[in-house]
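For reference, the structure is listed below as structure tokens.
Throughout, read-outs are computed from the coordinates displayed, never taken from laboratory work. Here the structure is a predicted model, which means the values were calculated and not measured. Quick reminder, even Gly has a Cβ in these numbers, built from the backbone with ideal geometry, and neighbours come from all protein chains shown.
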Amino acid sequence: MADKTLLVLLYLAERNEENTISSDNLESKLSKDGTTIVHLYQAITTFASTSPNEYLRFIAFQLLSRLITLCKDDAKIFLLKELLTSCPFETMKSAAIGIVKDNIAQGLNKAYKRKSADKSSIFASRVIVDTFLPHILRFESSSVLVNEKEFSEKHGFIMQGLNFYIFLLMRDEKNLVRIYFTI
């Protein structure tokens, strides 16, 4: 039953236009029982992180990515920051870095195509470094280096974080996000 539900939700999400959900709409009720977009987002995140079926996890992750794509930049920033800071699942935090990278790549592509940077995406600006880098390149404690179990749990996130930093250095040729001034 979960697979059919996910596929229907993904189908419905694919039929909507991008950049339509603002941060004001995140708490809007979707049903009579009071379910909001944030509740749906949290349920999908939990399911994508805990489902034993890899096929269902993949569909849930695709749905989560699509739901984020439907949002305007302010709502995207909020949802992605929530994933990186509040999500209890390390695997989802690692996956969230990939979604952030996808949004930055899209923002940079749009910004490079435009002659003026006035109407660029927030994902092609210094806001990205200020908002996400402290959460992605965080070093919580040195116990990660000593404790093998803790290192094993955090390894994916650490590697994705380093990959994110390299991605910014390589991808942002015009230094729009000002990563070179952050070092």
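Values as computed for the structure displayed
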read-out: Gain in span if fully extended, Glu14 to Val146, counting 0.36 nm per residue against the direct Cα distance; value: 43.0 nm
read-out: Normalised contact order of the range 39-183, rounded percent, pairs of Cα under 8 Å and 6 or more residues apart; value: 22 percent
read-out: Positive-end extreme of charge dipole, the range 91-183 - chosen from Ile136, Met170, Gly107 (charges on Cβ); value: Gly107
read-out: Size of charge dipole - the range 91-183 - debye, nearest 20, with Cβ of Lys, Arg +1 and Asp, Glu -1, no other charges; value: 580 debye
read-out: Within the chain, helix-based [θ] at 222 nm, where runs of 4 or more DSSP H residues each add -39,500 (n - 2.57), nearest 500; value: -21500 deg cm²/dmol
read-out: Stokes-Einstein D in µm²/s, Kirkwood radius over Cα pairs - the range 91-183 at 37 °C with 0.692 mPa s viscosity; value: 233 µm²/s
read-out: Of Phe157, Phe78, Phe61, the one that fluctuates the most in a GNM where the chain has Cα springs shorter than 10 Å; value: Phe78
read-out: Estimated dipole of the range 11-57 in Debye, rounded to 20 [Cβ of Lys and Arg +1, of Asp and Glu -1, Cα centre]; value: 180 debye
read-out: Candidate values (i) 42; (ii) 49; (iii) 37, label of the one derived for percent of Cα pairs over 24 Å apart; value: (i)
read-out: Longest site-free stretch - the chain; sites: trypsin sites (Lys or Arg not before Pro), DSSP loop, at most 15 other Cβ within 10 Å; value: 33-113
read-out: Volume per residue that the Cα convex hull of the range 1-71 spans, once the total is divided by residue count, Å³; value: 86 Å³
